[in-house]
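Shown next, in structure tokens, is the structure this report addresses.
The values are calculated or read from the model by the stated rules, or taken from the named source; none is laboratory data. Here the structure is a predicted model, which is why all the values come from computation and not from measurement. Cβ placement follows ideal geometry from the backbone for every residue including glycine, while neighbour counts extend to all protein chains displayed. With ligands, DNA and RNA removed, areas are computed over all heavy atoms of the protein, side chains included. Shrake-Rupley method; radii C 1.70, N 1.55, O 1.52, S 1.80 Å.
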Amino acid sequence: MSGQLTRRNREDLLIRDVSHAFALDGGPLPVLDHITLDIAAGSFVSLLGPSGCGKSTLLRLIAGLEPPTEGDILAGGELVREPGPSRILAFQDATLFPWATVWNNVATGLAARHELKGREHEIDAALELVRLGGFAKAYPHQLSGGMAQRAALARALVNAPQILLLDEPFGKLDSLTRMTLQGELLAIWKRTGFTGVLVTHDVEEALLLSDRVIVLSDRPARIIREFTVAAPLPRRRDDPAIVRLRGEILSALGHAEPASGQAA
Ligand code: ADP
Ligand code: MG
């Protein structure tokens with residue numbers, strides 16, 4: 001079937017020499033600078049970089065919301081040209097529709113594509129997956145921040161995306177809720193096997209969830225370092241390998257930690 005991409009899983013996500021610039025009054029604003037990244041199907045990759053460097057832009061391009069100025073993005077061996085249910089961008093603004101129940105919020109995508117009929121059970125299953133089964137009839141204002149993020153995750157997962165693009169999903173949550181949701185996301189990833197691309201500011205979050213951590217430069221974003229995280233899942237924050245990588249990533253980001261006075 002996939003004769004074109006020999007030795008490559010046909011579901012891999014390939015970002016090939018992608019540059020992007022926005023047109024502004026004073027001239028082009030370069031945002032991405034020759035990004036090349038192969039993301040294996042079913043893997044989980046995190047993107048870290050300074051605020052405003054172009055991380056969300058890269059996710060938007062992968063989602064097909066706009067075409068890159070230069071370069072190609074291939075998903076499943078095909079050029080990404082438009083948004084589609086196999087590539088879902090979640091959380092940029094995890095706004096649920098306030099007038100709709102949790103169930104109806106999660107059903108939005110299927111309903112918009114006129115695919116809801118006969119697939120109602122998939123909404124229920126997505127809600128169960130994020131442990132919101134008992135809140136199908138609740139309205140967004142009746143949810144905690146963590147529950148709202150779970151509902152947003154269910155809304156993405158109900159599409160059974162091959163590629164799930166997560167833009168700072170837990171950034172606004174308190175740290176305990178964030179830890180819970182990180183664990184849940186990991187469990188859901190293991191169960192459903194999507195390819196994950198996570199943008200986060202949280203180095204630990206990247207290390208706990210991903211196979212690879214990509215560090216981007218200031219705008220226009222270039223890839224400055226790549227780290228492979230080999231520690232088995234689930235990971236502990238105090239795993240020495242994680243602690244060491246955390247230090248290396250922080251220094252790649254230009255935030256060297258003060259010496260602790262003893263060798264790690
Ligand atoms: P990050 O997610 O890394 O914080 P973004 O990708 O959101 O960064 O933005 C990168 C840069 O591109 C910023 O300087 C931002 O102002 C600019 N930018 C993003 N979207 C647009 C747009 N639609 N038009 C013009 N400039 C944009
Ligand atoms: Mg962003």
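Give the peptides 99-110, 192-203, 27-38 in descending order of average Cβ contacts within 10 Å, highest first.
On the way: 99-110: 19.3, 192-203: 20.9, 27-38: 16.2.
Going by the mean number of other Cβ atoms within 10 Å, highest first, we get 192-203, 99-110, 27-38.
Rank-order 118-129, 216-227 by packing density, defined as the average count of other C-beta atoms within 10 Å over each peptide's residues, highest first. Write out the running numbers ahead of the final one.
Numbers: 118-129: 15.9, 216-227: 18.1.
In decreasing order of mean packing, 118-129, 216-227 become 216-227, 118-129.
With label points built 7 Å along Cα→Cβ from the Cα atoms of Asp72 and Thr108, find their separation and express it in nm.
3.3
According to a simple spin-label model (label point 7 Å from Cα along Cα-to-Cβ), what is the distance in nm between Arg237 and Tyr139?
Those two pseudo-labels are separated by 3.6 nm.
Summing +1 for each Lys or Arg and -1 for each Asp or Glu, what net charge is found among the other residues whose Cβ lies under 10 Å from the Cβ of Leu233?
Once positives and negatives cancel, what remains is +1.
Using label points projected 7 Å from each Cα along Cα→Cβ, tell me how many nm separate Glu82 and Asp17, to one decimal.
Going by the 7 Å Cα→Cβ label model, 2.8 nm.
Which value in deg cm²/dmol, rounded to the nearest 500, describes the helix-derived mean residue ellipticity at 222 nm for the chain, given -39,500 (n - 2.57) per DSSP H run of n ≥ 4 and division by the residue count?
Values: 7 runs with 81 residues, N = 264.
Only helices count here, giving -9500 deg cm²/dmol.
Given the protein chains as shown and a 1.4 Å probe, how many square angstrom of Met179 are accessible, to the nearest 10?
Accessible surface of Met179 is approximately 90 Å².
Taking only Cα atoms and a 10 Å spring cutoff, compute GNM fluctuations for the chain and point out the largest among Gly133, Gly54, Gly64.
Gly133
For a quick protection proxy, order the peptides 229-235, 67-73 by their average other-Cβ count within 10 Å, most packed first.
Details: 229-235: 12.9, 67-73: 17.4.
Ranked from most to least packed, the peptides come out as 67-73, 229-235.
Just need the relative contact order of segment 13-252 here, percent rounded to a whole number, with Cα pairs under 8 Å and 6+ apart.
On the way: 445 pairs, mean separation 62.5, N = 240.
Relative contact order of segment 13-252: 26 percent.
Calculated FRET efficiency, Phe97 and Ala256, Cβ-Cβ r, R0 51 Å, to nearest 0.05?
Details: r = 44 Å, r/R0 = 0.87.
For R0 = 51 Å, the calculated efficiency reads 0.70.
Applying 1/(1 + (r/R0)^6) with R0 = 25 Å to the Cβ-Cβ distance of Glu226 and Leu29, what FRET efficiency is obtained, to the nearest 0.05?
Step by step, r from the Cβ atoms, then E = 0.45.
So what's the gap between the Cα centers of segment 99-129 and segment 137-215, to the nearest angstrom?
19
Under 20 Å from the 7 Å Cα→Cβ point of Asp218, by amide nitrogen: which residues of segment 38-65?
Only 48-58 pass the distance filter.
Rounded to the nearest 5, what % of DSSP beta bridges with both residues in the chain are antiparallel? Could the numbers behind the result be given before it?
Working: 22 of 40 bridges.
Around 55 percent antiparallel, to the nearest 5.
Starting from the Cα of Lys172, draw a straight line to each of the lysines and keep only those under 22 Å, dropping any in the same chain fewer than 8 residues away.
Straight-distance partners of Lys172: Lys55.
Which helices, taking whole DSSP H runs in the chain, have alpha carbons extending 15 angstrom or more along the helix axis plus mean Kyte-Doolittle at least -1.0?
On the way: long enough: 102-112 (16 Å, 0.78); 145-157 (18 Å, 0.40); 175-192 (25 Å, -0.04); 240-252 (18 Å, 0.70).
Length and hydropathy pass: 102-112, 145-157, 175-192, 240-252.
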